[in-house]
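The values are calculated or read from the model by the stated rules, or taken from the named source; none is laboratory data. What you see is a predicted model, and the numbers here were worked out from it, not measured in a lab. Here Cβ is always computed from backbone atoms with ideal geometry, including for glycine, and neighbour counts include all displayed protein chains.
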Amino acid sequence: MGLLVTELRVLEHFIQLNQNKKNRKLRVLALGYPTFLALAEYFAELNIAVDWRDIKLESDSAALWKEHNWDEFIDKPMFETRSLFETMGCEFVVVDAITWGGEDFILNLNLPIDDAMLHALGKFDIILDPGTIEHCFNVSQALQNVDDLLEQDGFVFHQIAIAFPNHGFWNISPIALFAFYHQRRYALGQPYAWSSPRIPVFQRIHPAMRFDSYPSWLIGALCFRKTVESPRSSGFPSLQGILSEIDALPLEDWCLAALPEAYCVPPVSGSH
């Protein structure tokens, strides 16, 4: 799984919004260790404030570039993701279901989190899903775990496979996440999708649009903010219920606020 520089700029925006309210180090949780796929010159292009010269480098950059099919960059240094977030002033915690390397806790998101693990992990100001949810067979439980771990007023950012057959177990429609988070009274972010490599350009979409045509793969960038502490027995949302009211729901456009105009563009074609 990889973290792209456009996504980082949105996460930096969330960090800035939270730091204005909280007099402490922010806590960021990653659902799996995301390889940060970006070059130093991308920081200036996306107006990222962090000084890339302060970030540690991965010890085996060439292998990581190759693993993610960025072969043209194998002679370039790669920034270490944990150091990146620490340089941004955050505590960075990683969970994963198995030992891959870089994880702080072993956590199977398919299962409810027991009280001991909830206490050990604590709450987080930002949760980053860098393409993990579609690899969880029990998606509803994985989303409930996100809700349980997110601090009130905290943000969750999902990089999800909208159309990427056999990349994981599922391709996830944006409306599924909108139904889940709306039921739990989250503030809903304007959704975006992208398919461009290297520096993604976010294209605005409607939460319930049907994709009549799409590239060979399409990734969603979906953001939500927790406004109240949700009851753990919220149950399952209704598709008909969310579709009947989605056009009337207010959407916060955090991506538009974070990104340069050239990287946040009008809607892709589709219908709903």
>> Take the residues in region 92-137 that are touching a Phe, Trp or Tyr at 6+ places or on another chain (Cβ under 8 Å) and in a loop (DSSP other than H, G, I, E, B); name whichever of them is surrounded by the most Cβ atoms within 10 Å (Cβ to Cβ).
In response: Cys136
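Conditions tested, residue by residue: (1) β-branched (Val, Ile, Thr); (2) farther than 30 Å from Gln190 by Cα; (3) in contact (Cβ under 8 Å) with a residue 60 or more places away in the chain; (4) touching a Gly at 6+ places or on another chain (Cβ under 9 Å).
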residue: Arg9; (1), (2), (3), (4): no, no, yes, no
residue: Ile15; (1), (2), (3), (4): yes, no, yes, yes
residue: Asp54; (1), (2), (3), (4): no, yes, no, no
residue: Asp71; (1), (2), (3), (4): no, yes, no, no
>> Just the residues that are more than 24 Å from Cys90 (Cα to Cα) and crowded, with 20+ Cβ neighbours inside 10 Å, please, taken from region 19-77.
In response: Trp65
>> Criterion first (charged (D, E, K, R) and closer than 22 Å to Ala262 by Cβ) does Arg185 satisfy it?
In response: no
> Are there any pairs, at least 6 apart or on different chains, whose C-beta atoms fall under 9 Å, with the first in region 179-192 and farther than 13 Å from Asp147 by Cβ and in contact (Cβ under 8 Å) with a residue 24 or more places away in the chain and the second surrounded by fewer than 21 Cβ atoms within 10 Å (Cβ to Cβ) and among the acidic types (Asp, Glu), and if so, which?
Replying inline: Ala187/Glu252; Leu188/Glu252; Gly189/Glu252; Gly189/Asp253; Gln190/Glu252; Gln190/Asp253
> If you check Ile113, Ile98, Ile133, Ile126, which single one turns out to be β-branched (Val, Ile, Thr) and at pLDDT below 95?
Replying inline: Ile98
